[in-house]
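Some notes on the structure that comes next.
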Amino acid sequence: MLYIIHFKHIHLNFRFAEFDSVLSIYNLSPNDVYTKPPQANLRPTLMVNFPNDEVATKVTSRCVLIHRILRFWARGKTSKLCASSLATPSSFHDSLQSLAKAAPSFSINFTTWGTRSVSLEMQNAYRADFTDVLPLNLVKVDIKSPSLPLHIIYEGQLDSTTNPNPNPNPNPTSTSTSTSTSTTPPREIFLGLEVSLGGNFEKFNLKKRNYLGPTSMDSDLSLIMCNLARVTPGSFCFDPFVGTGSILLTCAVFGGVTMGTDIDVRVLRGKEDDKQGGKGKTSINKTFAQFGFPRPELIRSDNSLYDRHWRTDTGGELYDAIVCDPPYGIRAGAKKCGSRKLTADGAPAAVREVAEEKRSTHIAQTKNYAVSDVMADLLEVAARQLKMGGRLVYLIPTTTDFDEASDLPRHKCLEVKYCCFQGLQIELGRRMVCMEKVRAYDDNKVGEYRDFIWVNGFESADKCANMREKLIEKNGARKKEERAEEEKSGVKLSKREKKKKRKLQQLQDDEGGGGGGGV
């Protein structure tokens, strides 16, 4: 049965990675469900094939990036062509006629994309085209709770800079009255019956949680990460950089059994609640209780010393999913256990033993933890401890000179499934990487595994290091070039004009910025 998926216009490069991962949760093959059209990441719709409404609803309600799913009724370049296909005699036509006659109420919602305005007059002309061929005039209109919720999706065309055309012409060949003077037709028009809305996760928004920190992950992004990790009820989920537990909480949303570690015991214990005038504490456990989830297992641990903190000699593969946002030194630097002091010969100073009576309140000494080592240790833990077929999903910062083929960390036991790019600034972005365990870990090949992680050795590892300093340096160089260009031309641009110019330059230099499909 054909359906129309209507996507949300956020995280465009992540939508197919999420959709494919959710399909695999329900044992559906993407190749059997849809064919990817050109410019799929920029289009709001996708034609899919599901066995029935129940399966369509299950998949849709799990996805963060799907707005709704419609049972396909018609499509065309104009509303006249779209409506005429409904009037053609067929068994499908007869079933639509029967459905429309039997419905006690209906509504026709109008959704636009890729255009800045469609007048109410145009929208009513669209509705009239469809009501002319369906017996909806026998049914009353109910905007709030119709038994037959129909949707018209107007998909406009984008210009060369992926911006919408300002003046749409919905029906260049229609005789319907219109005050538009534009000659730009829509790319396509769809009509469908709403089957289900996408996942509603608004109540888990960061604004509604009682325990947050400067690096708490956006709820939509962390839910997408959990979908890529295929977290299902009973999945054992691990976050080695748990922080305030924002990612671990979204694992619990999907029924995961959660465990997290962090090197800073203070963030695990919680902090005074400012809303209560310092009379109470907020913590990860209280946030979980706020939403009715079981308490997570929280342990103070250093991921660089995983072998010393956890037993790995049992050969057991513990986790179904590892989902995390490693520290990479932009908002919070990475730390590991050890003394920052050095001896006279340059060796790290010995760490003093802590008296037994002071251990409960002791804050351990830490030193800087190179981002290259953070990523290498994370991949090693995933390769050892993930179950076969389990997934590691993490974020990694990247600049414009990052090359996925040579700069993305790899492991011989893990296969890269998706690498989705999210632009943050002109010079900075981050990639959501999903890796799946495909080979058993061999303790005799530890050195071989380590050497394989960074394809070009230090050169690759350095691409992810010192991100804050690199950004300051690049932004300084860019501003210097802009000032020189202004002095040469004698024209001073506003901040908005400069930003627009940089965006156009980026589109020319970096088409796609990393895609978002499988690797």
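Summary table below
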{"quantity": "Check on LEU248, at pLDDT 90 or above and not aromatic (Phe, Trp, Tyr)", "calculated": "yes"}
{"quantity": "Scan of region 421-454 for residues that are farther than 18 Å from TYR328 by Cα and under 27 Å from the mean Cα position of the chain (by Cα), ordered by number", "calculated": "ILE426, MET435, GLU436, LYS437, VAL438, ARG439"}
{"quantity": "Candidates ALA344, ALA382 - the one that is of a type in the set (A, V, I, L, M), open to solvent by less than 10 Å² (accessible area, probe 1.4 Å) and either in a loop (DSSP other than H, G, I, E, B) or touching a residue at least 60 places away in the same chain (Cβ under 8 Å) (or both)", "calculated": "ALA382"}
{"quantity": "Residues of region 108-117 satisfying the condition of being buried (at least 19 other Cβ atoms within 10 Å of the Cβ) and more than 14 Å from ARG187 (Cα to Cα)", "calculated": "ILE108"}
{"quantity": "Restricting region 215-239 to residues that are closer than 23 Å to SER304 by Cα and at pLDDT below 95, the residue that is surrounded by the fewest Cβ atoms within 10 Å (Cβ to Cβ)", "calculated": "THR215"}
{"quantity": "Residue that is nearest to ARG478 (Cα to Cα) [pool: residues in region 417-427 that are in a strand (DSSP E or B) and open to solvent by 10 Å² or more (accessible area, probe 1.4 Å)]", "calculated": "GLY423"}
{"quantity": "Yes/no for SER174 being of a type outside the set (Val, Ile, Thr), at pLDDT below 90 and open to solvent by 40 Å² or more (accessible area, probe 1.4 Å)", "calculated": "no"}
{"quantity": "Any hit, region 39-48, residues being among the β-branched types (Val, Ile, Thr), closer than 28 Å to PHE421 by Cα and open to solvent by 40 Å² or more (accessible area, probe 1.4 Å)", "calculated": "no"}
{"quantity": "Tally, over region 428-453, of residues that are open to solvent by 30 Å² or more (accessible area, probe 1.4 Å) and either aromatic (Phe, Trp, Tyr) or assigned to a strand (DSSP E or B) (or both)", "calculated": "4"}
{"quantity": "Qualifying residue in region 377-388 (condition: of a type in the set (Asp, Glu) and within 28 Å of ASP220 (Cα to Cα))", "calculated": "yes"}
{"quantity": "Residue match in region 76-96 (condition: under 20 Å from LEU197 (Cβ atoms) and of a type outside the set (Ser, Thr, Tyr))", "calculated": "no"}
{"quantity": "Subset of region 240-260 (residues that are crowded, with 21+ Cβ neighbours inside 10 Å and part of a strand (DSSP E or B))", "calculated": "THR258, GLY260"}
{"quantity": "Filter result for the condition that a residue is charged (D, E, K, R) and part of a loop (DSSP other than H, G, I, E, B), over LYS101, LYS36, LYS80", "calculated": "LYS36"}
{"quantity": "Residue match in region 456-475 (condition: closer than 22 Å to VAL374 by Cβ and modelled with pLDDT of 75 or more)", "calculated": "yes"}
{"quantity": "Residue identified as surrounded by fewer than 16 Cβ atoms within 10 Å (Cβ to Cβ), among the charged types (D, E, K, R) and free of Cβ contacts under 8 Å to residues at least 12 places away in the same chain among LYS140, LYS101, LYS144, LYS77", "calculated": "LYS144"}
{"quantity": "Residue identified as within 16 Å of VAL433 (Cα to Cα), touching a residue at least 40 places away in the same chain (Cβ under 8 Å) and charged (D, E, K, R) among ARG43, ARG15", "calculated": "ARG15"}
{"quantity": "Residue tally, condition surrounded by fewer than 16 Cβ atoms within 10 Å (Cβ to Cβ) and modelled with pLDDT of 95 or more, over region 390-411", "calculated": "0"}
{"quantity": "Scan of region 404-427 for residues that are farther than 20 Å from LEU378 by Cα and among the charged types (D, E, K, R), ordered by number", "calculated": "GLU427"}
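Every residue, every condition in (1) open to solvent by less than 60 Å² (accessible area, probe 1.4 Å); (2) not aliphatic (A, V, I, L, M), yes or no:
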position	(1), (2)
GLU297	no, yes
SER301	yes, yes
ALA321	yes, no
LYS336	yes, yes
ARG352	no, yes
HIS362	no, yes
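The values are calculated or read from the model by the stated rules, or taken from the named source; none is laboratory data. Note that the structure is predicted; figures quoted are calculated from it, not measured. Counting neighbours? That spans all protein chains shown, and the Cβs are built from the backbone with ideal geometry, glycine included. With ligands, DNA and RNA removed, areas are computed over all heavy atoms of the protein, side chains included. Shrake-Rupley method; radii C 1.70, N 1.55, O 1.52, S 1.80 Å.
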